[in-house]
Amino acid sequence: MYKPINNLKKIREEKGLTQEQLVKLTGIPQRTISGLETRTNLRPDTICKYAEILEVHPSEIITYVYIKEK
């Protein structure tokens, strides 16, 4: 079974950005950004928007890890 992993927060932090700075770059409220960083069911257009802002490939935002079922 594959589990989706949201890397948005990790990437943002690696880029040295705070949520407040991302708010200024995107115009999206901080509360929304906070929520986006914890969800794994992001819309493709949202993934692409953040990938462009963070200068990463969209596939880096949501990745999948294999979880062996017991």
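If all Cα-Cα distances of the chain are sorted into 10 Å bins from 0 onward, what percent lands in each bin, rounded to whole numbers?
The percentages, shortest bin first, are 19, 55, 19, 6, 1.
How much of the accessible area of the chain, in percent, comes from carbon and sulfur atoms when a 1.4 Å probe is used? Let's see the in-between values first.
Details: 2690 of 5080 Å².
C and S atoms contribute 53 percent here.
Ignoring ligands and nucleic acids, what accessible area does Ile53 show with a 1.4 Å probe (Å², nearest 10)?
Solvent-accessible area, nearest 10 Å²: 50 Å².
Which of Arg12, Arg31, Arg39 moves most in a GNM of the chain, Cα contacts under 10 Å?
Among Arg12, Arg31, Arg39, the largest mean-square fluctuation in the Gaussian network model of the chain belongs to Arg31.
If the reach is capped at under 17 angstrom between alpha carbons, list the aspartates and glutamates near Lys24, excluding any in the same chain fewer than eight residues apart.
Within reach: Glu13, Glu37, Glu52, Glu55.
Can you give me the relative contact order of the chain as a percent, contacts being Cα pairs under 8 Å and 6 or more apart?
Values: 65 pairs, mean separation 38.1, N = 70.
Once divided by the residue count of the chain, the mean separation gives 54 percent.
Where only protein heavy atoms count, and the probe is 1.4 Å, what is the accessible area per residue for the chain in Å²?
Details: 5080 Å² over 70 residues.
Here the residues of the chain average 73 Å² of exposed surface.
To the nearest 500 deg cm²/dmol, what mean residue ellipticity at 222 nm is calculated for the chain from DSSP H runs of n ≥ 4 alone, each contributing -39,500 (n - 2.57), summed and divided by the residues?
Working: 4 runs with 33 residues, N = 70.
Computed mean residue ellipticity for the chain: -13000 deg cm²/dmol.
Net charge near Lys15, counting Lys/Arg +1 and Asp/Glu -1 over other residues with Cβ under 14 Å of its Cβ? Don't skip to the answer; put the middle values down first.
On the way: positive: Lys9, Lys10, Arg12, Lys24; negative: Glu13, Glu14, Glu20, Glu37, Glu52, Glu55, Glu60.
My count for the surroundings of Lys15 gives -3.
For the chain, modelled as a Gaussian network with Cα springs under 10 Å, which listed residue fluctuates most, Pro29, Pro58, Pro44?
Pro44
To the nearest 20 debye, what is the magnitude of the charge dipole of the chain about its Cα centre, counting +1 on the Cβ of each Lys and Arg and -1 on the Cβ of each Asp and Glu? Numbers along the way, then the final one.
Working: 12 positive and 9 negative charges, 60 e Å.
About 280 debye.
Taking the Cα atoms only, what angle lies between the long axis of helix 44-54 and the longest principal axis of the chain, rounded to 10 degrees?
Once rounded, one gets 60 degrees.
The values are calculated or read from the model by the stated rules, or taken from the named source; none is laboratory data. None of the values given here were measured: they were computed from a predicted structure. Positions of Cβ are generated from backbone atoms using ideal geometry, with glycine treated the same way; all protein chains shown enter the neighbour counts. In case anyone asks, the SASA skips ligands and DNA or RNA and just uses the protein heavy atoms, side chains included. Shrake-Rupley method; radii C 1.70, N 1.55, O 1.52, S 1.80 Å.
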